[in-house]
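Asks: Okay, here's the structure, questions in a sec.
The values are calculated or read from the model by the stated rules, or taken from the named source; none is laboratory data. Computed from a predicted model, the values in this text were never measured in an experiment. Please note: Cβ atoms are built from the backbone with ideal geometry, for glycine as well, and neighbour counts cover all protein chains shown. With ligands, DNA and RNA removed, areas are computed over all heavy atoms of the protein, side chains included. Shrake-Rupley method; radii C 1.70, N 1.55, O 1.52, S 1.80 Å.
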Amino acid sequence: NAGVTQTPKFQVLKTGQSMTLQCAQDMNHEYMSWYRQDPGMGLRLIHYSVGAGITDQGEVPNGYNVSRSTTEDFPLRLLSAAPSQTSVYFCASRDADSSNEQFFGPGTRLTVL
Amino acid sequence: AQSVTQLGSHVSVSEGALVLLRCNYSSSVPPYLFWYVQYPNQGLQLLLKYTSAATLVKGINGFEAEFKKSETSFHLTKPSAHMSDAAEYFCAVTRWGGSYIPTFGRGTSLIVHP
């Protein structure tokens, strides 16, 4: 199993550009989440999904969109990038049992100029 | 509602010394508690978890944590630090049932001196 994969690993954008961060998992997990990690702020939840076709907002959803058309994929879209979105982004997945661990991808380091 | 507080954004120890990373939680119902470790330029991976079985939980790499309900704590310890333990450590809380996504603490950076 590849686990949770994320692409790209690094990205530089100019303010106002759009892009999609890709996330895929091959463990047939129902739950998938996007976090951003900033120094001193820990992990903050952006959006999450509890199954195909179902998404919901987390703590910091503004400026980001998600969709979940398949169990495997959960892309994160930045519609109009801003410097405040410079961060490291992690995708995670888990099965429906909340006592089980989340599996994290390797992260995408995004810089918005 | 649930929350996690990690005391100390940085903890510095000498190699061979005791490691103690503090985590206090708030939850209106019995929690599930996790410790994750993040090595430089990597994603998070599970160290150990508490899910209402034994209160003393053993994890990978010699780490353990004790769930103390009366103190609402889940501190992470290791008797003897190794240079390879240098990393960021995150405590997380969730709970049984529903679509509960874990809440993470702000993380503690463990620095190990030779």
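Asks: So, in nm, how far is label residue B:29 from label residue A:88 when the simple model puts each one 7 Å beyond its Cα toward the Cβ?
Replies: 3.3
Asks: Please compute the modelled spin-label separation between residue A:62 and residue A:41, points set 7 Å along Cα→Cβ, answer in nm with one decimal.
Replies: Roughly 1.2 nm, to one decimal.
Asks: Could you check which residue among B:68, B:49, B:58 shows the biggest mean-square fluctuation in a GNM of chain B with a 10 Å Cα cutoff?
Replies: Of B:68, B:49, B:58, the most mobile in the Gaussian network model is B:68.
Asks: Step by step: find N for region B:1-48, compute 2.2 N^0.38 Å, then divide the Cα radius of gyration by it. What's the final number?
Replies: 1.39
Asks: At 4 °C and a viscosity of 1.567 mPa s, what translational diffusion coefficient does Stokes-Einstein give for region A:1-58, taking Rh as the Kirkwood radius over Cα pairs? Give it in µm²/s as a whole number.
Replies: 97
Asks: Just how far, in whole angstrom, is region B:13-49 from region A:24-71 if you go by their alpha carbon centroids?
Replies: 22
Asks: By the gyration tensor of its Cα atoms, with a ≥ b ≥ c the square roots of the eigenvalues, what is the shape of chain A: rounded for a/c under 1.5, prolate for a/b over b/c, or oblate?
Replies: Prolate, because a/c is 1.5 or more and a/b exceeds b/c.
Asks: Using a probe radius of 1.4 Å on protein heavy atoms only, what is the accessible area buried between chains A and B, both sides summed, to the nearest 100 Å²?
Replies: Details: alone 5950 and 6290 Å², together 10490 Å².
The contact between B and A buries close to 1800 Å².
Asks: Now for a different question. Using a cut-off of 11 Å between beta-carbons, work out the net charge of the residues near residue A:103 (Lys and Arg +1, Asp and Glu -1, residue A:103 not included).
Replies: -2
Asks: State, to one decimal in nm², a quarter of the convex hull surface area for the C-alpha atoms of the protein assembly as shown, i.e. the direction-averaged projected area.
Replies: Taking the Cα atoms of the protein assembly as shown, their convex hull projects to 12.3 nm² on average.
Asks: Work from the charge dipole of region A:1-63 (Cβ charges, +1 for Lys and Arg, -1 for Asp and Glu, about the Cα centre) and give the residue of A:50, A:1, A:15 farthest towards its positive end.
Replies: A:15
Asks: Tell me, what HN-Hα J-couplings in whole Hz come from the Karplus equation 6.51 cos²θ - 1.76 cosθ + 1.60 at θ = phi - 60° for each residue of region A:64-73, using x for Gly and Pro?
Replies: Once rounded to whole Hz, the list reads 10, 10, 9, 8, 9, 8, 10, 5, 7, 10.
Asks: Moving to a separate point now. Please list, by residue number, every one of the GluC sites (Glu not before Pro) in region B:22-79 that is coil in DSSP and has at most 16 other beta-carbon atoms within 10 Å.
Replies: Working: sites: B:64, B:66, B:71; in loops: B:71.
When the GluC sites (Glu not before Pro) of region B:22-79 are filtered for loop state and at most 16 Cβ neighbours within 10 Å, B:71 remain.
Asks: Give the Cα extents of region A:24-86 along the principal axes, in whole Å, largest first.
Replies: Sorted largest first, the three principal extents are 33, 24, 17 Å.
Asks: Over region A:17-78, what is the relative contact order in whole percent, taking alpha-carbon pairs under 8 Å and six or more residues apart?
Replies: 37
Asks: Whole number please: convex hull volume per residue, Cα atoms of chain B, in Å³.
Replies: 96
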